[in-house]
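Okay, structure first, notes after.
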Amino acid sequence: MKKRIALLLSVAMLVGMTAGCGGGSKDSGGGTTTPAAEAGQTAGGTAEGGSGPAVPAHKETLVIGTDADINTLDLQKQQDQINNIILKNTHQTLVFFTNGADGEERFVPCLATDWEFKDDTHIVMHLRDDVYFNDGNKTPMTAEDVKFTLDMAMENMVASNLAGYVACNVVDDHTIEIEIESYNNEFVQTLASVPLSIQSKKAYDDGVTDPFYIGTGPYKFDEWVEGEYCRIVKVADYWGNDIPAGENLAPGVSDAIEFRPYIEASSRVIALQSGEIDVCVNPPINELQYLEEDKNLTVFEQPGTRLFYFAFNVEKAPWDNQKLRQAVACAIDRDAVLEAAVYGKGTLQKTILNRGLWGFYDDMEGFNYDVDRAKALMAEAGYPDGGIKTTLSYASGTPYEQIATVIQANLAAIGVEATLEPMETATLKSACVDGSQELFLWRWNEDSKVDFVYRDLFYTDSGSNYHHYSDTKVDGLVDTVATEKDPEKRLAAAQELQEYLVDACPQVPLYIANLVIAYNKNLQGQYLFGGGNHDWRHAYIAE
């Protein structure tokens with residue numbers, strides 16, 4: 001399928017428009033920038049005729065080789081990382097997540113200049129008054145667009161991102177008051193989510209074809225050929241052209257950014273070495289040596305945030321037995337898993353929370369690899385001789401194939417015979433939602449909100465609770481972490497929640513994968529996230 005947006009929408013198309021016009025998640029919290037970015041030299045580019053800082057000499061198009069293809073660019077009908085990576089170039093949010101290091105402010109103004117809680121359930125936000133949409137007509141962004149975007153989100157699949165949202169009231173053109181059901185420590189952080197980027201109410205009202213393409217960012221869509229590439233181009237009359245280099249809202253540098261999917265990892269490597277692409281996302285670990293030997297390339301590695309885990313459907317017997325789950329946890333050799341999956345390039349952990357998130361706690365006893373303890377727990381669970389047959393489901397390909405093979409052998413040592421069941425990711429996801437799976441492998445990345453881990457994965461009846469786990473104590477602690485204003489009490493609740501979930505064992509955390517990425521040695525201005533949610537808005541290949 002080929003989607004063509006002739007530099008998004010032509011002026012003539014919009015001017016002549018009538019109602020009949022046609023029309024799916026860092027080290028200790030730190031993102032990584034290049035030295036040039038830190039020196040404020042990255043985002044100094046201006047569009048033609050702009051009056052901002054001079055544009056550094058650069059290659060016209062930055063080409064990024066991805067390990068997944070986009071499936072939709074309708075912001076509110078998806079929550080997939082690859083889609084969001086593209087959309088954050090073309091759209092902007094009220095609040096921006098910096099992914100800054102510990103001690104730094106991680107949520108800063110973006111399209112909103114400031115905000116405050118008027119009381120526990122009302123948040124007043126002031127908006128920038130100089131923003132306009134990339135629609136060819138410079139349509140101003142106002143409070144009506146914010147209200148429209150948030151209200152529309154409640155009717156789409158991203159409604160869970162706005163849990164607790166009641167209404168958005170327009171005070172004036174550049175002031176809104178958001179009403180929520182009850183106080184929530186992370187509601188403002190929610191507004192940094194890419195699917196909640198502000199969209200144009202006018203574009204929807206006017207019947208524009210695919211109105212969700214219209215954003216306020218420094219880039220706009222040019223062309224998407226499914227399975228081949230998605231190209232975005234720098235906005236010539238971007239509203240932020242005079243914003244200084246290095247700032248969040250500064251203009252881009254590369255004239256165009258092209259995202260090309262190479263699902264086969266070795267193909268990405270070949271494309272990088274031949275110069276077809278400038279960036280290779282997630283290069284295969286077993287080929288890093290060859291990339292490191294290439295004088296024209298840089299291989300970058302840092303601790304990550306994406307947690308890979310083994311999990312149980314606790315509604316399916318015999319996995320409704322907590323002692324049995326604990327026995328399996330003790331039987332898994334996580335060191336062997338880490339080595340098989342990523343050649344040791346990762347970090348083992350016991351807790352269920354992604355590293356870098358507020359309240360991360362990993363000092364509980366947990367379940368280390370101990371076959372004797374595993375067999376003792378098997379006996380306590382009522383299975384002294386094992387004799388259990390089950391199925392382990394996982395997404396086809398690396399690293400899941402390698403993980404599954406190690407775990408299959410581990411479980412056999414305690415009398416659990418696991419049949420391996422690889423499947424397409426979408427099929428596995430459907431099985432997990434339906435609850436037809438028994439044991440499964442999954443991964444989860446979250447780098448900004450703890451509620452997107454606790455509530456999404458473990459809260460009763462959550463759509464992402466693939467464990468089908470339900471516990472009123474857990475639900476209560478999740479709510480406490482979300483709403484408790486006393487910092488010490490909130491932190492204590494978070495620690496108790498993590499300890500409780502590790503002991504309940506609906507999942508066995510395996511490892512946090514390191515961020516590994518390879519790129520042209522002249523790449524500048526990139527901002528890398530440990531979980532892969534990279535920011536390419538100000539990146540370019542220096543010449």
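The values are calculated or read from the model by the stated rules, or taken from the named source; none is laboratory data. This structure is a prediction, so every number in the text was calculated from the model and none was measured. FYI the Cβ positions are ideal-geometry reconstructions off the backbone, even for glycines, and counts take in every protein chain you see.
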### Query
helices (runs of 4 or more DSSP H) wholly in region 140-238 with at least 3 residues that are at pLDDT below 95 and surrounded by fewer than 21 Cβ atoms within 10 Å (Cβ to Cβ) - which ones?
none
### Task
Answer yes if at least one residue in region 475-489 is small (Gly, Ala, Ser), farther than 24 Å from residue 192 by Cβ and crowded, with 21+ Cβ neighbours inside 10 Å, and no otherwise.
no
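Okay, residues lined up against (1) modelled with pLDDT under 95; (2) within 15 Å of residue 341 (Cα to Cα); (3) in contact with a strand residue (DSSP E or B) (Cβ under 9 Å, 6 or more places away or on another chain); (4) not hydrophobic (A, V, I, L, M, F, W, C):
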residue: 388; (1), (2), (3), (4): no, no, yes, no
residue: 391; (1), (2), (3), (4): no, no, yes, yes
residue: 400; (1), (2), (3), (4): no, yes, yes, yes
residue: 403; (1), (2), (3), (4): no, yes, yes, no
residue: 407; (1), (2), (3), (4): no, yes, yes, no
residue: 415; (1), (2), (3), (4): no, no, yes, yes
residue: 420; (1), (2), (3), (4): no, no, yes, no
residue: 424; (1), (2), (3), (4): yes, no, yes, yes
### Task
List every residue pair whose Cβ atoms sit under 7 Å apart, with the two residues 6 or more apart in sequence or on different chains, where the first one lies in region 402-422 and is more than 14 Å from residue 371 (Cα to Cα) and the second, anywhere, is of a type in the set (D, E, K, R) and surrounded by fewer than 20 Cβ atoms within 10 Å (Cβ to Cβ).
406/333; 417/389; 422/401
### Task
For residues that are among the hydrophobic types (A, V, I, L, M, F, W, C) and over 24 Å from the mean Cα position of the chain (by Cα), scanning just region 273-314, find the one that is farthest from residue 465 (Cα to Cα).
297
### Query
Looking at (1) buried (at least 19 other Cβ atoms within 10 Å of the Cβ); (2) at pLDDT 85 or above; (3) not in a helix (DSSP H, G or I), which is the only condition residue 41 fails?
(2)
### Query
For residue 250, are the conditions met, namely being modelled with pLDDT of 95 or more, surrounded by fewer than 18 Cβ atoms within 10 Å (Cβ to Cβ) and more than 30 Å from residue 381 (Cα to Cα)?
no
### Query
Residues in region 344-358: is at least one buried (at least 19 other Cβ atoms within 10 Å of the Cβ), under 15 Å from residue 411 (Cα atoms) and among the basic types (Lys, Arg)?
no
